[in-house]
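Below is one structure, written out as C-alpha cells; the observations come after it.
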Amino acid sequence: MSQDEKQTLLELYKDLRVADVRDGMDWNMMHHYGTVHHEIRPLYRTRAVGIAQTSRYIPYQQDIPKMSPDEYTEWVKWYYATLTSNPGMKATEPGDFVVVDQSGVDVGILGSNNSLAYYAKGAVGFITNGGVRDTDELILQKVPVWSKFISQKMNQGRIQFDANDVPVNIGGVVVHSGDVVVADGDGVIVVPRQMALEVGKYAHQELKADKAGRRRIYEAMGRELDPTVI
Ligand SMILES: O=C([O-])CC(=O)C(=O)O
Ligand SMILES: [Mg+2]
C-alpha cells in the first residue's frame with residue numbers, strides 16, 4: 001500500500017468508533033462482514049486504528065528431545081531464530097495493526113517484550129485469535145492488545161511461524177494485509193480495503209448524527225460538553 005493511501009485511510013478512520021464503522025458497513029450492505037467475534041476482547045479499555053499486517057502461525061508437532069536446562073537454553077535460542085522469526089512483524093511500519101492467526105494454539109504469542117518492540121516501531125495495535133502473556137506489563141506499558149485469551153506459555157515446542165501477508169481468519173472475519181482495523185471497548189471490526197472509503201464516509205454520517213443527538217441531551221441536562229459530543 002502506498003504511503004498516500006495509508007495516510008488517507010488512517011485520517012478517515014482516526015475518530016470513528018467501532019459502532020460507527022459497523023454502521024458504515026451496514027450502510028454498504030455488508031451486514032455479515034467485518035465484525036470480529038465478541039470473544040476477542042481488549043486487554044484493557046483503549047482504542048486503536050490501523051492498517052492490517054497479517055501473520056499466520058501453525059502448531060509445532062514434533063517431539064521435543066530430552067535436554068538439560070542448559071541445552072534447553074540453546075535450543076530455545078535456535079527455535080526462536082529459525083522457527084518463530086517473523087519477517088513481516090520485523091518490518092512493522094507506523095500505522096500498522098499487527099494481526100496474528102495462531103491456529104488456536106495455547107501460547108502467549110504476544111508478550112510485553114515483542115509487542116513493545118513493534119509498538120516502538122509504530123505499530124498502533126495488536127490482535128490475535130489466541131493468547132497474550134505478561135498482561136500486567138502490557139497494561140502498564142499501554143500497548144493496545146485484543147485477544148481471545150490470556151496464556152502463560154512460550155512459543156518453543158508449541159507453535160511455529162508460517163507466513164506473512166496471507167488471508168487469516170480472526171474471529172470469523174477474513175483479514176488481508178491492507179484492510180482497515182478499528183478496535184475499541186466494543187471489540188474489533190475489519191473493513192476490506194476496497195470498501196474502506198465508502199464505509200468511512202457513511203460511518204462519519206452516523207457519528208455526526210450521534211454526536212448531535214447526544215449533544216442535545218447533554219444541553220437539556222445541563223451537562224458539561226465533552227469531546228464525544230463536540
Ligand atoms: O517471548 C515471547 O515469545 C513472548 C513474550 O513473552 C514476550 O515477548 O515478552
Ligand atoms: Mg515475555
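Pairs meeting the criteria (first residue in segment 129-142 and farther than 20 Å from ASP106 by Cα, second residue within 12 Å of ligand 2 (Cβ to nearest atom) and at pLDDT 95 or above, beta carbons under 7 Å, at least 6 apart or on different chains) are GLN141/SER112; GLN141/LEU116. Among the residues of segment 113-129, those identified as open to solvent by less than 10 Å² (accessible area, probe 1.4 Å) and within 15 Å of ligand 2 (Cβ to nearest atom) are SER115, PHE126, THR128. Scanning segment 145-163 for residues that are outside any strand (DSSP E or B), surrounded by fewer than 20 Cβ atoms within 10 Å (Cβ to Cβ) and within 13 Å of ligand 2 (Cβ to nearest atom) yields GLN152, LYS153, MET154, GLN156. Considering segment 99-113, and only residues there that are touching a helix residue (DSSP H, G or I) at 6+ places or on another chain (Cβ under 9 Å) and within 11 Å of ligand 1 (Cβ to nearest atom), the residue that is farthest from ILE189 (Cα to Cα) turns out to be ASN113.
The values are calculated or read from the model by the stated rules, or taken from the named source; none is laboratory data. On a predicted model such as this, the values are computed, not experimentally measured, just so you know. Positions of Cβ are generated from backbone atoms using ideal geometry, with glycine treated the same way; all protein chains shown enter the neighbour counts. For the accessible areas, the whole protein counts, side chains as well, though only heavy atoms, and no ligand, DNA or RNA atoms are used. Shrake-Rupley method; radii C 1.70, N 1.55, O 1.52, S 1.80 Å.
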